[in-house]
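K.L.:
Shown below is the structure under consideration.
The values are calculated or read from the model by the stated rules, or taken from the named source; none is laboratory data. What you are looking at is a predicted structure, and each value in this text was computed from that prediction instead of being measured. For neighbour counting, all protein chains shown are included, and Cβ atoms are generated from backbone atoms with ideal geometry for every residue, glycine included.
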Amino acid sequence: MNQFLQVSSLSRAYRSGEVETQALDAISLEVAAGEFVALMGPSGCGKSTLLNILGFLDAPDAGSYRLRDEEVATLSDARLTRLRRAYVGFVFQSFNLIEELNVAENVEVALLYRSVDARRRRVDEVLEQVGLAHRARHRPRQLSGGQQQRVAIARALAPEPDLILADEPTGNLDSANGAAVMDLLKDAAARGTTVIMVTHSALHAAAADRTIRMLDGRIVGETRL
Amino acid sequence: MTRLLRHWLVAWGRNLAANRLLSAITIVGLVIGIAGAILMALVARVPLTYNHIVPGHERTYIAISVVSGPEMAPDYQQASPGGAAALIEANVPEVEAAARLLEAEVELRRGGAAHRETIYWADPDYFDLVRLPVLSGDLASALRSGHGLVMTEAMARKHFGRADAMGETIEVAGQPMVLRAVIADLPAGGTDLDAGIFASGLATRSGLSLMKADEPGAFSISVRTYLRLRTGASAQKAGDAIQAAIAGLVPPPVRNAYRLEPVRIDRLALHEGFHPGARERLVIGSLVAALVLLIATANFVNLSVALAGRRRREIGVRKANGAGRGHIAGQFLAEAVLTVLVATLLALVATEWLLPVVNGFLETQARLDYGADPTLPLWLLSGAALLGLAAGAYPAFLLSSLPPVATLRDSGAAAAGGGLVRSALVTAQFAILIGLIIATSVVHQQRVFAMREALRMDIDQVLTVTAKCPPAFVAEAAKLPGVRAVSCSSESLLSGNTFMPIDWRGRQLVVDMVSALPSIFALYGVRPLAGTLSALPPRGEESVSGVVINEAAVRAFGFASPSAAIGQALPISGGAPGDAPGAQVVAVVPDFAFHSVETPIDPTLYLSEPPEAWNGGLVSIKLAGRDVPETLSRIDRLWRATGNEGPIQRAFVSEHIEQLYLSLERNAQLFAVFSGLAIFLACLGLVGLSLSAAQRRTREIGIRKALGASTRQILALLLWQLSRPVLLANLIAWPVAWWLMRRWLNGFAERIPLQPWLFPAAGLIALALALLSVGTLAYLVARQKPVHALRYE
């Protein structure tokens, strides 16, 4: 398998006054292209921090992060934005849809900052893919939680990213909606997109190719299916 | 880019709709601030573009007459001696050309129709110098024959029924004249030319032809002399040369007091001599309009940041989806510009509606005429875009710099940051507000002082009738019921326009002269400080032997005290300067004057000449104050019954005083209006901020209440936090207001002291207004049940 990303000795600490919290403590990890990885661990173990660094929303204090053999740990804010634009799609636990935009416009946000032709067609395609084409003109508050998360996945899929980062995508959903969301993520991985998902659910983690367990900012175990 | 703009437009519109109340507060504030700024800009534009219709106005001047002397306020007239133009053209090298206008009211007759019109008799080369825009005909040669006539388009239509009436004849002052050129209508209030008809000064019956050369003893200033200076010539040098050139025209007694000064025609509208207080009013108006716009902009910035706090999640999502700082900043800047543009369009509608009111109030002729000035919309829109960029810069910078992780993790209602800047802006707003309250109060107090205490005389219920003391009328008026006293004086009692140069112990003094019966002092409640009025004959004396002077004259003549002045001989005889020391000071009265307290009271001599010798007269009638309308009717009937010619010209002295203080009155009203706006805007902004803060802090309030805080304690906490910037504002406002108002008061010879209590009082008013604005809201938030507050979010 092609190696997609590689992190080694990655550290990140947060300081608040005199208190320092070590969110990531010299983590090393490799993920292959098209792999579906689940990150598990208790709250505060550093899963989301790792996801944010992998998605260029945050930068590490130390260590290396290589994406497709390019070192990206120490790039400028502008370069990180360009990498995010080029490679990454996000799915959040709380959906993070923009209330003032309708479903189609929310999905379109993912294409606005990229050079994408025929945006409308692409938006229609992904909404069809997640089964929400008939809800394109609705506002987020008019949808159920499961539907909102499917919109968020459509938004992540729209620019056809190489990497989807999902932070507890089923955390706010019931089991039926959770299963539907997992199906969409599995489909994406099956089409060659690398998916890294933070989850508390062993059931949903079982759908991944590999499960990495974290504790206190370190990787403490790994299960490969 | 188009897709981004469209998307931004959608996001902007929906965010405005989603936050209707706060958006309305922001936009209403901006509309008020921008409308105020546009109105002031339009008003300021009139004097600043005065006479710009004349090409080369930068070197076109008018010669004005200035009469001044030691301890005497200069008197300005926009007129000059008839012979000055020729002398200046021949002898002043800086002057390229000179031409005259003489205003006259004449009859114009054509067919059976006759109209009385104000016209200008103009020198043949007048239009070489003042090249007004011509619509038809040859303006340069139009007045070179004795029959030449030039009219504005409106006047041509009025008298000939059409604008294109070239070659048509009309009788002007009894002589036929031919229309040789038609010029564009003169902008109302935009030029010193009021009449729209220019007739050749070469005409036989022209006032210029009939005018005799000025001779010593027949010195008069009646024409307008326009001058064009050579390119690069110094007006100062020209002024000095003019003085030398016209010296022969001016009689020796007034030569030292008289000066002919060139004044640029585009600066006439703001000349202190002709429009006292206009420049100050313009500066004050512009300043307070700018301050109100600043308050509105600060509101906009504050509320934008507060509103954007709710859009942190949106910012995070956009950043997670590839938006860079530039995209986010661009979006918020575009939103700010769009909001300001919408507010500007609404402000323009408000301006159209308010402009006539403002013109009426300020007596200006400002116009908002897009047709006449096609660049105006461009200027307005550019200004709006710039204001939008300036106002949006800080929120855009702040929001675009938010790290995406923090924005996605935090609650949607969290603050966007910039709390210090927001507090600083609220503090600045209230500092301006407190300053304006202080200024409004000081201007009002000075106005009341000027119109009452500073007069040092009793003008209550005093009526003046323009007449030279007709004996029958005066005698009978005194007997009318409702009349307490009647006395007479020359017109100069009110106008102060009669002055006399006096050689006094080797130096020349210029003193005001008032002829009056001795009873005038008692009528106005003025008592002598020294000496007695009883020595003066009640009906005046042919040869003046006793004179009353004021305190300013005591100082000007160098007497040690009022008492020391009594018995001193002054070189006056019968109102004309003379060498014989024929008049003795019999009494000294306090300084009182009917002119503005902006200028010091001039040294004044009150002569008890008989009314026949006066130059114009006034009958002063003190009314009892009861049944005033009936008394006035009786006086009117008496005027006719005692055989006086023409209708009675009467006015209350208080009206004259009010007219004097019109400028001060307008300043007071201007401050009051803008202070009201500032109060409204600042409170509006505070309400908006507290609304936003209340929503943001609902959770915190719930926690405090769950931990035992009472509604009163929460209310006190909220009000204290909102009051802090207001209290801090006093520290900035007090010293600045003190310095500015002291400076302003120093412009008055007679002024009120700056009361220290005014400053804390203004601070308390501002605090009370702030607490009133946010108190109800704070109370509602404070009394929420904790369970509700904790469930929020």
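K.L.:
Conditions first: (1) within 14 Å of another protein chain (Cβ to nearest Cβ); (2) surrounded by fewer than 21 Cβ atoms within 10 Å (Cβ to Cβ); (3) on the phi < 0 side of the Ramachandran plot. Residue A:44 passes all but one, so which condition is the exception?
P.N.:
(3)
K.L.:
Identify, please: which residue in the range A:153-184 is touching a Lys or Arg at 6+ places or on another chain (Cβ under 9 Å) and of a type in the set (Gly, Ala, Ser) and is, among those, surrounded by the most Cβ atoms within 10 Å (Cβ to Cβ)?
P.N.:
A:158
K.L.:
Also, quick follow-up: Collect the residues in the range B:542-568 that are in contact with a strand residue (DSSP E or B) (Cβ under 9 Å, 6 or more places away or on another chain), surrounded by fewer than 15 Cβ atoms within 10 Å (Cβ to Cβ) and in a loop (DSSP other than H, G, I, E, B), keeping them in residue-number order.
P.N.:
Within the range B:542-568, B:543, B:558, B:561, B:567 meet the criteria.
K.L.:
Please go through (1) of a type outside the set (S, T, N, Q); (2) surrounded by fewer than 21 Cβ atoms within 10 Å (Cβ to Cβ); (3) more than 30 Å from residue B:766 (Cα to Cα); (4) modelled with pLDDT under 85 for residue B:676 and return the number of the only condition it doesn't satisfy.
P.N.:
Failing condition for residue B:676: (3).
K.L.:
Next up: Filter the range B:492-531 down to the residues that are of a type in the set (Ser, Thr, Tyr), modelled with pLDDT of 80 or more and in contact with a helix residue (DSSP H, G or I) (Cβ under 8 Å, 6 or more places away or on another chain) and list them by number.
P.N.:
Matches in the range B:492-531: B:515 only.
K.L.:
Any idea which of B:388, B:392, B:324 is free of Cβ contacts under 8 Å to residues at least 60 places away in the same chain, under 30 Å from residue B:437 (Cα atoms), buried (at least 18 other Cβ atoms within 10 Å of the Cβ) and more than 28 Å from the chain's Cα centre (by Cα)?
P.N.:
Sole residue among the options that is free of Cβ contacts under 8 Å to residues at least 60 places away in the same chain, under 30 Å from residue B:437 (Cα atoms), buried (at least 18 other Cβ atoms within 10 Å of the Cβ) and more than 28 Å from the chain's Cα centre (by Cα): B:388.
K.L.:
Under 6 Å between Cβ atoms, at least 6 apart or on separate chains: pull out the pairs that start in the range B:155-177 with a residue that is among the β-branched types (Val, Ile, Thr) and end on any residue that is exposed (fewer than 14 other Cβ atoms within 10 Å of the Cβ).
P.N.:
If the second residue must be exposed (fewer than 14 other Cβ atoms within 10 Å of the Cβ), the pairs left are B:169/B:176.
K.L.:
Would you be able to tell me the number of residues in the range B:303-346 that are polar (S, T, N, Q), in contact with a Pro (Cβ under 9 Å, 6 or more places away or on another chain) and more than 13 Å from chain A (Cβ to nearest Cβ)?
P.N.:
Our first condition is that a residue be polar (S, T, N, Q); within the range B:303-346, this holds for B:304, B:321, B:331, B:339, B:344.
Now narrow it down to the ones that are in contact with a Pro (Cβ under 9 Å, 6 or more places away or on another chain): B:304, B:321.
Add one more test, that the residue is more than 13 Å from chain A (Cβ to nearest Cβ), and what stays is B:304.
Residues meeting the conditions: 1.
K.L.:
Given the conditions (1) hydrophobic (A, V, I, L, M, F, W, C); (2) within 14 Å of chain B (Cβ to nearest Cβ); (3) in contact with a helix residue (DSSP H, G or I) (Cβ under 9 Å, 6 or more places away or on another chain), and given that residue A:53 satisfies all but one, which numbered condition is not satisfied?
P.N.:
Evaluating residue A:53 over (1) hydrophobic (A, V, I, L, M, F, W, C); (2) within 14 Å of chain B (Cβ to nearest Cβ); (3) in contact with a helix residue (DSSP H, G or I) (Cβ under 9 Å, 6 or more places away or on another chain) leaves (3) as the failure.
K.L.:
Is there a residue being within 14 Å of another protein chain (Cβ to nearest Cβ) and not aromatic (Phe, Trp, Tyr) anywhere in the range B:278-295?
P.N.:
no
K.L.:
Another one. Could you tell me whether any residue of the range A:187-204 is of a type in the set (Lys, Arg), more than 16 Å from residue A:33 (Cβ to Cβ) and either within 14 Å of chain B (Cβ to nearest Cβ) or surrounded by fewer than 23 Cβ atoms within 10 Å (Cβ to Cβ) (or both)?
P.N.:
Among the residues of the range A:187-204, not one is of a type in the set (Lys, Arg), more than 16 Å from residue A:33 (Cβ to Cβ) and either within 14 Å of chain B (Cβ to nearest Cβ) or surrounded by fewer than 23 Cβ atoms within 10 Å (Cβ to Cβ) (or both), which makes the answer no.
K.L.:
Do you know which residues across the range B:738-762 are within 26 Å of residue B:590 (Cα to Cα) and aliphatic (A, V, I, L, M)?
P.N.:
Selection gives B:745, B:749, B:752, B:754.
K.L.:
A further question follows. Given the criterion more than 21 Å from residue B:61 (Cα to Cα) and either touching a residue at least 24 places away in the same chain (Cβ under 8 Å) or basic (Lys, Arg) (or both), identify the matching residue among B:138, B:123. Lay out the reasoning, then the answer.
P.N.:
Numbers: B:123 fails: more than 21 Å from residue B:61 (Cα to Cα).
Answer to the selection: B:138.
K.L.:
Quick one: which residue in A:149, A:129 is within 17 Å of residue A:188 (Cβ to Cβ), surrounded by fewer than 18 Cβ atoms within 10 Å (Cβ to Cβ) and at pLDDT below 90?
P.N.:
It is A:129.
K.L.:
If we only count helices (runs of 4 or more DSSP H) wholly inside the range B:147-260, which ones have 1 or more residues that are within 26 Å of residue B:92 (Cα to Cα) and acidic (Asp, Glu)?
P.N.:
Fully inside the range B:147-260 and qualifying: B:235-245.
K.L.:
Determine whether residue B:752 is surrounded by 14 or more Cβ atoms within 10 Å (Cβ to Cβ), within 27 Å of residue B:425 (Cβ to Cβ) and of a type in the set (Val, Ile, Thr).
P.N.:
no
K.L.:
Any chance the range B:14-31 includes a residue that's more than 30 Å from residue A:139 (Cβ to Cβ) and at pLDDT 90 or above?
P.N.:
Scanning the range B:14-31, I find no residue that is more than 30 Å from residue A:139 (Cβ to Cβ) and at pLDDT 90 or above, so the answer is no.
K.L.:
Among the residues of the range A:56-85, how many are within 8 Å of another protein chain (Cβ to nearest Cβ) and among the polar types (S, T, N, Q)?
P.N.:
Residues meeting the conditions: 1.
K.L.:
Let me ask something additional. If I ask for residues that are surrounded by fewer than 20 Cβ atoms within 10 Å (Cβ to Cβ), of a type outside the set (D, E, K, R) and touching a strand residue (DSSP E or B) at 6+ places or on another chain (Cβ under 7 Å), which ones from the range B:188-206 would you list?
P.N.:
B:195, B:204
K.L.:
Here's something else I'd like to know. Within the range B:322-330, can one find any residue that is closer than 16 Å to residue B:31 by Cα, outside any loop (DSSP other than H, G, I, E, B) and modelled with pLDDT of 85 or more?
P.N.:
No - not one qualifying residue is present in the range B:322-330.
K.L.:
All but one of (1) basic (Lys, Arg); (2) without any contact (Cβ under 8 Å) to a residue 60 or more places away in the chain; (3) outside any helix (DSSP H, G or I) hold for residue B:367; which doesn't?
P.N.:
Among (1) basic (Lys, Arg); (2) without any contact (Cβ under 8 Å) to a residue 60 or more places away in the chain; (3) outside any helix (DSSP H, G or I), the lone unmet condition for residue B:367 is (2).
K.L.:
Looking at the range B:99-139, which of its residues are touching a helix residue (DSSP H, G or I) at 6+ places or on another chain (Cβ under 6 Å) and small (Gly, Ala, Ser)?
P.N.:
The answer is B:99, B:104.
Conditions (1) under 26 Å from residue B:675 (Cα atoms); (2) modelled with pLDDT of 75 or more, marked per residue:
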{"site": "B:704", "(1), (2)": "no, no"}
{"site": "B:708", "(1), (2)": "no, no"}
{"site": "B:715", "(1), (2)": "no, yes"}
{"site": "B:723", "(1), (2)": "yes, yes"}
{"site": "B:728", "(1), (2)": "yes, yes"}
{"site": "B:750", "(1), (2)": "yes, yes"}
{"site": "B:768", "(1), (2)": "yes, yes"}
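K.L.:
Given the condition crowded, with 21+ Cβ neighbours inside 10 Å, under 26 Å from residue B:649 (Cβ atoms) and touching an Asp or Glu at 6+ places or on another chain (Cβ under 8 Å), answer yes or no: does some residue in the range B:584-594 qualify?
P.N.:
yes
K.L.:
May I pose another question? If we scan the range B:597-616, do we find a residue that is surrounded by 16 or more Cβ atoms within 10 Å (Cβ to Cβ) and touching a Cys at 6+ places or on another chain (Cβ under 7 Å)?
P.N.:
For the range B:597-616, residues surrounded by 16 or more Cβ atoms within 10 Å (Cβ to Cβ) and touching a Cys at 6+ places or on another chain (Cβ under 7 Å): present.
K.L.:
Sort out which residues of the range B:618-670 are within 31 Å of the chain's Cα centre (by Cα) and assigned to a strand (DSSP E or B), and write them in order of number. Don't jump to the end; show me each part of the working.
P.N.:
Filtering the range B:618-670 for residues within 31 Å of the chain's Cα centre (by Cα) gives B:618, B:620, B:649-670.
B:618, B:620, B:650, B:651, B:652 - these are the residues of the range B:618-670 that are within 31 Å of the chain's Cα centre (by Cα) and assigned to a strand (DSSP E or B).
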